[in-house]
2 protein chains.
Amino acid sequence: MAIKVHGGLFSTATMRVLACLEEKELDYDFVPVNLRAGEPKREPFLSLNPFGQVPVLEDGDLKLFESRAITKYIAYKYANKGTPLISQDPKEIAMECVWMEVEAQRYENAAAKLTWELCIKPNIGMTADEAVVEEYEEKLAKVLDVYEDRLAKSKYLAGDCFSLADFHHLPTINYLMGTKIKALFDSRIHVNSWCADILARPAWKKVFAMKN
Amino acid sequence: MAIKVHGGLFSTATMRVLACLEEKELDYDFVPVNLRAGEPKREPFLSLNPFGQVPVLEDGDLKLFESRAITKYIAYKYANKGTPLISQDPKEIAMECVWMEVEAQRYENAAAKLTWELCIKPNIGMTADEAVVEEYEEKLAKVLDVYEDRLAKSKYLAGDCFSLADFHHLPTINYLMGTKIKALFDSRIHVNSWCADILARPAWKKVFAMKN
C-alpha cells in the first residue's frame, strides 16, 4: 500500500513532509485537504489528527501527524533510501537533535509568524500587522546571529552533513525569500550560502513547484 | 568523567534534564548557574549555549543544550540503564515522536506561559497578567481535551508504556498543580489519573524536592 499524505500545498508543514518523501525517493499519494473550507476541523479528518491540522501521513496502518515527527519517522524507517537525513553516529545524532530543537523552538516561532503576516495574510485578502512584523523580525535576527556564528564553523547546522536540522527550515525560508525579510538572510554571509545551498536541493524545488 | 549539568533548580528545562538522569540512575554533577544575575547571558556560559539559556549538559567532550534534545540523547545513549524512556519498536517510536512534538509545540506553548504568569512572576515580585492567563488557560483546556480522549484509549500518550512523551510534561504540570490551573487537569478523569501517575515517579519527586 502506497504512503498517503493528507495536506494542503500552501501549508509549510505539508511541504516539509512532501519534500522529505522526495529526498527519500519514495512514492506517495497526495490527498488534498481543503483548508479554506475548514475540512481539517471536521470529521473524518479529526479522526486522523485530533488537533485538526495538516499534514497527516498514512503508511500501512500507521497514521501520524506533526510534520517533524513524520520526517523523523521517514528518515529512520527509510534510512537506506535516497538522501541520508539523520546520522548513524550517536554524537552526530545528538547534535542533530539539538539543532532540530533550535529550529522548532526558536527559529520557527519567529519565522512562522512572519510567514503568516507577510505571505499568507496578503494571499487571503488580509493586511499584515506591521507591529507584529517588527517584533518578530527582531527575534528572527537574533536567532540568525547565532546561526551565522555556527555556520562559520560547520557547513550545516549540526555538523558537516546536511540533515533534518537544516531541512526543517526550508518551507518558511522559501516563503520569506519573497519578502523584505530576505535581507536578514542575505546580510549574513554564512547564512546566505547555507540558504542558497539548501534551497537548491532538487527535492525541495520539486515540491515548491507543485504549489504553482 | 562524570556527566555535568549546568542549570537552575527553578528552571523547568533544568528539572526535565535532572529528572531524566535520575530515571536513568546516572551519576552527575550539578553546576548551579545564577539566573537572576544574568549569568547565562554572559561568557563563559554563552560558549556552552549561544542562546544563553539553561540547562547545558556535558558528557565527556559532548556539550548539549535544549532540554528535549538532552533527554533524547540520554534516553538513547543510556538505553540499557534505569527506566526505558524510548521504545525499541519503530512504530512505537513514531508514536512517541508524534506526542513529543505535541508536547513541545502545543502543550508547552500554553503551559509555559501559565507557569510564568502564575508561578514564576509572583515568586520574583511581579503580578500575573490576568488577560494573558485567561487566553492561555483556554488554549491549554483545548489541548487537554485531546489528551483526555487519547488517555481514554491508552494508559500513556504514545501507547501503553511511559515514555519521554509523558515525561517531558512533568515540570510544568508540577508547577501548575499549585495554581488554579489544577482544575483543568483534575476535571478530566483520564488526564487526572495520568498526572497522578507520572507525578508520583520517584525520580521526579527527588528532583522536585531539590529545589525546596
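The values are calculated or read from the model by the stated rules, or taken from the named source; none is laboratory data. All of these numbers come straight from a predicted model, not from anything done at the bench. Neighbour counts run over all protein chains shown; Cβ positions are idealised from the backbone, glycine included. Protein only, heavy atoms only, side chains kept; ligands, DNA and RNA dropped before computing areas. Shrake-Rupley method; radii C 1.70, N 1.55, O 1.52, S 1.80 Å.
What to note about this one:
- Here is the figure for segment B:99-120: residues that are at the interface with chain A (Cβ under 10 Å from one of its Cβ atoms), surrounded by fewer than 23 Cβ atoms within 10 Å (Cβ to Cβ) and of a type in the set (A, V, I, L, M, F, W, C) total 1.
- When residues of segment A:1-45 are limited to those that are out of contact with any Pro (no Cβ under 8 Å at 6 or more places or on another chain), over 17 Å from A:Y73 (Cβ atoms) and hydrophobic (A, V, I, L, M, F, W, C), the one most open to solvent (accessible area, probe 1.4 Å): A:F10
- If the condition is being out of contact with any Cys (no Cβ under 7 Å at 6 or more places or on another chain) and in contact (Cβ under 8 Å) with a residue 60 or more places away in the chain, then segment B:177-201 contributes B:K180, B:I181, B:R201.
A quick yes/no check of all residues on (1) under 12 Å from the mean Cα position of the chain (by Cα); (2) buried (at least 18 other Cβ atoms within 10 Å of the Cβ); (3) assigned to a loop (DSSP other than H, G, I, E, B):
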{"site": "B:L140", "(1), (2), (3)": "no, yes, no"}
{"site": "B:Y147", "(1), (2), (3)": "no, yes, no"}
{"site": "B:L151", "(1), (2), (3)": "no, yes, no"}
{"site": "B:G178", "(1), (2), (3)": "no, no, yes"}
{"site": "B:A183", "(1), (2), (3)": "no, no, no"}
{"site": "B:H190", "(1), (2), (3)": "no, no, no"}
{"site": "B:W194", "(1), (2), (3)": "no, yes, no"}
{"site": "B:K206", "(1), (2), (3)": "no, no, no"}
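- The set of residues in segment B:50-77 being assigned to a loop (DSSP other than H, G, I, E, B), crowded, with 20+ Cβ neighbours inside 10 Å and not aliphatic (A, V, I, L, M) consists of B:Q53, B:P55, B:E66.
- Test result for B:G8, more than 18 Å from A:V98 (Cβ to Cβ) and touching an Asp or Glu at 6+ places or on another chain (Cβ under 8 Å): no
- Among (1) part of a helix (DSSP H, G or I); (2) in contact with a Gly (Cβ under 9 Å, 6 or more places away or on another chain); (3) open to solvent by 20 Å² or more (accessible area, probe 1.4 Å) - the single one A:E96 does not satisfy: (3)
- Residues that are farther than 22 Å from A:V207 by Cα and either in contact (Cβ under 8 Å) with a residue 24 or more places away in the chain or assigned to a loop (DSSP other than H, G, I, E, B) (or both) within segment A:2-49 comprise A:A37, A:G38, A:R42, A:E43, A:P44, A:F45, A:L48, A:N49, listed in sequence order.
- Residue in segment A:78-89 that is at the interface with chain B (Cβ under 10 Å from one of its Cβ atoms), touching a Lys or Arg at 6+ places or on another chain (Cβ under 9 Å), open to solvent by 20 Å² or more (accessible area, probe 1.4 Å) and not polar (S, T, N, Q) present: no
- For A:I124, the conditions (1) at pLDDT below 95; (2) open to solvent by less than 70 Å² (accessible area, probe 1.4 Å); (3) among the β-branched types (V, I, T) are fulfilled apart from (2).
- The condition of being of a type in the set (D, E, K, R), away from every other protein chain (no Cβ under 14 Å) and in contact with a Lys or Arg (Cβ under 7 Å, 6 or more places away or on another chain) holds for only one of A:E58, A:E25, that being A:E25.
- Summed over segment B:153-176, the residues that are in contact (Cβ under 8 Å) with a residue 24 or more places away in the chain and assigned to a helix (DSSP H, G or I) give a count of 11.
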